[in-house]
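Coordinate-derived values only; no laboratory data. All of these numbers come straight from a predicted model, not from anything done at the bench. Reconstructed Cβ throughout: ideal geometry from the backbone, glycine too, with neighbour counts over all protein chains shown.
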Amino acid sequence: MSSTKSLLILAGDGIGPEVMAQVKRVIAWFEGNRGLKFKVEDGLVGGCSYDAHGTPLTDETMAKAMEADAVLLGAVGGPKWDNLDFSVKPERGLLRLRKDMQLFANLRPAFVFEALAEASSLKTELVAGLDIMIVRELTGGVYFGEPRGIETLPNGERRGINTQVYTTSEIVRIAEIAFELARKRGKKLHSVEKANVMESGLLWREEVTKLKDAKHKDIHLEHMYADNCAMQLVRNPKQFDVIVTDNLFGDILSDCAAMLTGSLGMLPSASLGAADSAGRRKALYEPVHGSAPDIAGRDIANPLACLLSFAMMLRYSFDLGFEADLLENAIKAVLDDGIRTGDIMQPGMTKVSTTGMGDAVLARLNG
Ligand code: NAD
């Protein structure tokens, strides 16, 4: 990758453009103060693209996403587009990005900033210092398996069918990412399935074990059934470091883990594709939250999830761990200073706007 990093920004709908504006200020800071060079292009996705072009994602924007070193997305959707045909709904733009870029690995960190530990529905001591990474397989399993559909049986009863299916290569490529992440973190990996009742789970367990024995002996691997994992996440979440699991279980467990942290406005995510011969992976970074139409346009949304998504980009697409730490530590310091947007406001703290939160992060970056 050249030293200039090409970045496609798709701010999207609702609060997307507001939170993204703060990311752009931080990008400018890194260019001015850390010598990073970004070639930033803006594009449309979601409802705003439908309004301009009649489609939630144009072929031209899709081509730019394929070319870019990384894509950063805000959020899509809103009531204005709720009644559109399924084929042009804002979410279709996001689904096309994930599909065409073949983003099979969804990284969902769930960490709790000390200053926000009280916002969790769990006891503070259970979540303070929590730092879990859930790696969810995103393009296979029961959401895509064939056969699928609804059929009418000879007796007139109807039957709904979905198929849970995984191949060796699908399991190995997602497990490989999880082992690599575990190596950079606490060297502990939980692989989660239902090998007790599902053959696809049994294959999953066997392939993950084989991969550990072949390449990752230094990582502590534990297998866990998905139902137990759900219980353990709310009983003792700090026992986990990295969790790797399939599409369906990952969907549920990552939302469960997210809620341990107490606020949607704080949660980033990354979706990664296969590495090319130069080691470059296609990558899409986005906050977990949606377009929050109820608060859009009022400069009150929390921009931290989007800023933390940019930090993930620095770390995973550009190998800029030091810079990612700088940004994450600036955010931590701002929270320790008692600065809060409305969604994470607590008694005695200072309430700021979206722009005010951007100001505070920049002030901390400046030292
Ligand atoms: P949402 O995440 O947009 O909002 C849920 C609640 O959390 C709202 O009360 C909102 O005000 C609040 N919230 C969310 N992000 C916040 C932030 N950064 N700061 C402060 N408060 C925040 O979910 P929803 O209301 O179910 O969906 C709204 C729209 O977003 C829908 O059209 C939905 O389809 C879309 N959506 C998009 C994505 C995405 O783009 N990835 C994800 C989820 C939902």
Cross-link candidates for K210: which lysines have Cα within less than 30 Å, leaving aside residues fewer than 8 places away along the same chain? K99, K184, K187, K188, K194, K238, K282
Among S291, S353, rank each residue by its count of other Cβ atoms within 10 Å, from fewest to most, as a rough exposure measure. S353, S291
Can you work out the FRET efficiency for the pair D213 and M349, with r the C-beta to C-beta distance and R0 = 56 Å, to the nearest 0.05? 0.65
Compare the Cα positions of Q102, G145, G129 along the charge dipole of the range 41-184 (+1 at Cβ of Lys, Arg; -1 at Cβ of Asp, Glu; about the Cα centre) and return the one farthest towards the positive end. G145
Amide H neighbours of V244 under 5 Å, counting only residues 5+ apart in sequence or on other chains, H built in-plane at 1.01 Å? V135, H190, S191, V192
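Can you give the Kirkwood hydrodynamic radius of the range 239-280 from its Cα pairs, in Å with one decimal?
Working: mean 1/r = 0.0794 Å⁻¹.
Roughly 12.6 Å, rounded to one decimal.
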Can you pull out the chymotrypsin sites (Phe, Trp or Tyr not before Pro) in the range 52-158 that DSSP calls coil and that have at most 16 other Cβ atoms within 10 Å? F144
Go through V165, P154, V76 and say which Cα lies farthest out towards the positive end of the charge dipole of the range 72-191; charges sit on Cβ, +1 for Lys and Arg, -1 for Asp and Glu. V165
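Using the reciprocal of the averaged 1/r over all distinct C-alpha pairs, how large is the Kirkwood radius of the range 1-110 in Å?
On the way: mean 1/r = 0.0678 Å⁻¹.
Its Kirkwood hydrodynamic radius stands at 14.8 Å.
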Summing -39500 (n - 2.57) over every DSSP H run of at least 4 residues in the chain and dividing by its residue count gives a helix-only mean residue ellipticity at 222 nm, to the nearest 500 deg cm²/dmol, of -12500 deg cm²/dmol
16 Å reach of a label modelled at D336, 7 Å along Cα-to-Cβ, counting backbone N of the range 309-328: 325-328
Filtered hits (aspartates and glutamates, Cα-Cα < 13 Å from K332, offset >= 8 within chain) -> E114
Near the amide H of L267, under 5 Å away, which other amide H atoms are found, from residues 5 or more places off or on another chain, if H is placed in the peptide plane? V288, H289, A305
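At 20 °C and 1.002 mPa s, what whole-number value in µm²/s does Stokes-Einstein give for the translational diffusion of the chain, with Rh from the Kirkwood sum over Cα pairs? Display every interim value, and only then the final one.
On the way: Rh = 21.4 Å.
Translational D for this selection: 100 µm²/s.
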Taking every DSSP beta bridge with both residues inside the chain, roughly what % is antiparallel (nearest 5)? 40 percent
